[in-house]
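Peer 1: The following block contains the structure, expressed as structure tokens.
Just so it is clear, none of the values below were taken in a lab; they were calculated from the coordinates. All values reported here derive from a predicted model rather than from experimental measurement.
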Amino acid sequence: MGGTWISHVHGRVFGEMVRYGLKDDFSITRTENGGCDYFTLDTGFGSRKFTYKKAAEMPAKAWGIFINTDGNTGREIYPLPYSTLGNSCLSCRDRIDQIKDQLSADELALLKSLVPYIGGGSVENFGYDIATFEEVWTLYKILEGRSTLVRRIFDDAVRLGLQYSFKTPIKSIVEREGIVSLHISDGKIVRDQRVVNTIPIAVLPDIHFDPPLSPLHQEATRIGQVGYLTKVHVEVEGGLRGLRGCT
């Protein structure tokens, strides 16, 4: 399901869309000011409806306080991307605990649901302007679907000589003297000088690596952490296209 939505900040994706003639093929995934023109919030204490204006103000306030660790919206302690490396001792959980008294129950609930989504894990383990966040998040889709772009990229690669094999489980990956060998479950062996590994973390425990993965990679494999968000995609028409909510 990854990559369903795109935006102007996804430069590499846009580059591919231009290359394959899809640069103007967008659809907006909801209808503004029509039908179910409200935001639904369910925090476990009942379901409530808000105007979109109010629903935007609550996470904007919560997010603004959350990132304002230096009193200047992070501009002093995070002037450059690499400068965040010196602040790893402060987790998102720590920061939420610092500011929770400044937020209403609804604002806190929205922030707690937003932060794990962005980080793909628990708030204990990882450390945008809210006005443009939604445009990046879940607004624009490729008109004919993401598979259209993927298929054009794949067909172009085949035209240029790509060889491929689907439904081919790997048993082990072995590197010896500059050569990498892929041992396939049916007994075949594929060798090359380089292999790009994009195996999902949930599958890694089933594959033997020689030499072994680094201790950090092995720890991540044992934990098997996946995102805490559950996506529910619904195709709707009419007034329901204006509906938004958070649980």
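Peer 1: How large is ³J(HN,Hα) for each residue in the range 5-16, as worked out from phi by the Karplus curve 6.51 cos²θ - 1.76 cosθ + 1.60 (θ = phi - 60°), to whole Hz, x for Gly and Pro?
Peer 2: The phi angles translate into 9, 9, 7, 5, 7, 8, x, 5, 5, 5, x, 5 Hz.
Peer 1: Right, here's the next one. Which links in 141/171; 23/112; 53/141; 100/141; 53/112; 54/112 stretch past 27 Å when you go from one Cα to the other?
Peer 2: 141/171; 23/112; 100/141
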